[in-house]
1. Neighbour counts of other C-beta atoms within 10 Å: give me VAL141, VAL196 arranged from fewest to most.
2. Starting from the Cα of THR28, step 7 Å toward the Cβ, then list every residue of segment 82-109 with an amide N under 20 Å from that point.
3. Where does helix 194-208 land angle-wise versus the long Cα axis of the chain, in degrees 0 to 90, nearest 10?
4. Against the longest principal axis of the chain, how steep is helix 142-168, in degrees 0 to 90 to the nearest 10, with axes from Cα atoms?
5. Give me the net charge for the shell around VAL188: Cβ to Cβ below 14 angstrom, other residues only, Lys and Arg +1, Asp and Glu -1.
6. Angle, helix 33-52 long axis vs. longest principal axis of the chain, Cα atoms, 0 to 90°, nearest 10?
7. Say a paramagnetic label sat at a point 7 Å from the Cα of ALA50, along Cα to Cβ; which residues of segment 68-97 have their backbone N under 20 Å from it?
8. Would you kindly state how much longer the chain becomes between LYS180 and LEU100 on full extension, computed as 0.36 nm times their sequence separation minus their alpha carbon distance, in nm to one decimal?
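No value in this document is a laboratory result; all are computed from the given coordinates. In this text the structure is predicted, and so the values were computed from the model without any measurement. Using ideal geometry, Cβ is built from the backbone for each residue, glycine included, and neighbour counts are taken over all protein chains shown.
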Amino acid sequence: MSRTAVQHQQNKPTDPTPPPTDSLSGRTLPRWAPLGFAAGAIALGCGLGAAAGWQSEIQWGLVSAIFFVVLSYVTTSLVENRRQAKDRLATSVVWVCFILAVVPLFSLIWVTVSRGIKVFDGYFLTHSMAGVPGFEAGGGVYHAIIGTLEQVGLATLVSVPIGLLTAVYLVEYGGGALAKAVTFFVDVMTGIPSIVAGLFILSIMLLFELSPSGLMGALALAILMLPVVVRSTEEMLKLVPNELREASLALGVPKWRTIVKVVIPTALGGITTGVMLAIARIAGETAPIMLLVFGSQLINANPFEGAQSSLPFYIWEQYRVGSEASYDRAWAAALVLIAFVMLLNLVARGIARWKAPKTGR
């Protein structure tokens, strides 16, 4: 080693500069620290609730959530640094919001399953309420299942083609005042109350002297379903890359054929998911069925003539009776309705994954 290099090493400072306060280096909390914060927060929240005499577990939970956020931030600030504390604060808030959203959902599912499983069996699913007094045990939900399937199916047949074509117009052809007006009214219809749609169809029934039937209820449900289909399909079509359209048009393919063969198949997975969500949105509507279908305790497989029942109407009808047996039937019907909606979501996920564009070989 040369003499100059040795002198250079001797002249180098021996004490490194301490890291800044907000550096990511330094002391760190263990990986189990969030669990410790949660345990401490729960203990503090329960202790404070017991000392204050609070009877509601919701108050205990909210106070525990506040303690969890405060403990996470203060402890991280003291042990690590303020930069990590801010990150821990954001993470804690996200976890608290997630728990606040999930707990009511699981509570609803737990109560519905625990109370609806009492009479949920093959007999309940394959029999109607014909000849069974509402205050006595027995009877089933078969007629309501048939009514729901037929009414939702007819509403889907009416609203999906109209909604799909409307979305294609807005994305592929619309651009003027008419497209803006259609978009505005679709947004307005998204928040329309179900009773308004039922009253609209009821006015048509009175005008043309039509009798109550499943078709009338399906038309009201189609009005509620249409804006959801339009908005979801419109957003899915907007996600299709313009390069696919330009490549098809460059090969001399007409625009309508490009839409049918390229644009819609590319967005078909998302469109199907939107349709399933729209079906789930109308499956639980009760007001239009009460106005237009009237409900029935008998099996009516003809949606074009005579009164029908549906699962939401059946739940309301059984709850109105007020007996223990009717309450059990109402909870079991609610369990059937939840299972129906969950099945639709599983089907939508399967179709979306099946029709998703393949990115690899």
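1. With the sparsest Cβ surroundings first, the list reads VAL196, VAL141.
2. Zone members listed by number: 82-92.
3. That works out to roughly 20 degrees.
4. The angle comes out at about 70 degrees.
5. +1
6. Approximately 70 degrees, to the nearest ten.
7. From segment 68-97, the list is 68.
8. Full-extension gain reported as 25.0 nm.
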